[in-house]
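Some notes on the structure that comes next.
Nothing in this text is a laboratory measurement; each read-out follows from the coordinates by a stated rule. Fair warning: this is a prediction, and the values are worked out from it, not measured in the lab. Neighbour counts run over all protein chains shown; Cβ positions are idealised from the backbone, glycine included.
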Amino acid sequence: MMTRKSGFTLIELVVTVALAAIVLTVGVPAFGTFIKNNRLITSTNALVGALNLARSEAIKRNVRVSVCKSSDGAACTGTGNWEQGWLVFVDSDNDATYDNGTETLLRVQDNIKGNVTMAGNANVSTYVSYVSSGRSQLIDGAFQAGTIKICDDRTGNVGRQIVISNTGRMHLDSQISCP
């Protein structure tokens, strides 16, 4: 009497491996796109959250509150883009630069990972400042409207854009063309 051994045949194994390869070939690129889209959304939301915090604190505290680019988390910088990080602080001397020890620091954001770039146009290239009325305002008193474009290493209509109006309100545009 012969005992029967259970297991897979070579044909069953080859078919299973082939099906797994097909599923992975289709799924892995889509997963990469999913991750990149989530990085853009997360980066956008982090900056929008900082801007909303600055605006609400300016109204609540009845003072100017600014958000500036910061590469080290301790001082504002005029070089680079927003992805290097930023500071949210009470700008008591109205100069849009953080003075350590004399001004209240509200939030620090470290650099953004994942090949994300966040570039502001001329009015919002280095800082965004809100006054007690909730308006965005340059340090010279002019209204501060502008856009911050958020892209990654892809090309096409995959980017996002934060649009800041003269009133200080923001809205988001998606599917912005990236280089």
Taking Cα atoms, the helix 10-61 axis meets the longest principal axis of the chain at an angle in degrees (rounded to 10) of 10 degrees
Row for the range 82-179, column shape: gyration tensor on C-alpha, a ≥ b ≥ c, rounded if a/c < 1.5 i.e. under 1.5, prolate if a/b over b/c, else oblate; value oblate
Quarter of the surface of the C-alpha convex hull for the range 1-76, i.e. direction-averaged projected area in nm², equals 11.3 nm²
A correct Kirkwood calculation over the Cα atoms of the range 111-153 returns a hydrodynamic radius in Å of 11.6 Å
For Lys149, counting only aspartates and glutamates whose alpha-carbon sits under 19 Å away and dropping same-chain residues fewer than eight positions off, the answer is Glu83, Asp110, Asp173
Descending packing, highest mean Cβ count within 10 Å first, for 81-88, 116-123, 33-40 is 81-88, 116-123, 33-40
Inter-part gap, Cα centre of the range 1-31 to Cα centre of the range 159-179, in whole angstrom, is 48 Å
Kirkwood Rh for the range 75-132 from C-alpha pairs, in Å, is 12.3 Å
Sorted on mean Cβ neighbours within 10 Å (highest first), peptides 23-29, 103-109 come out as 103-109, 23-29
Sorted largest first, the C-alpha extents of the range 1-133 along its principal axes in whole angstrom are 95, 31, 26
To the nearest 20 debye, the chain has a Cα-centred charge dipole, built from +1 on Lys and Arg Cβ and -1 on Asp and Glu Cβ, of 760 debye
Ranked by GNM mean-square fluctuation in the chain (Cα springs under 10 Å), the top entry among Ile148, Ile164, Ile41 is Ile41
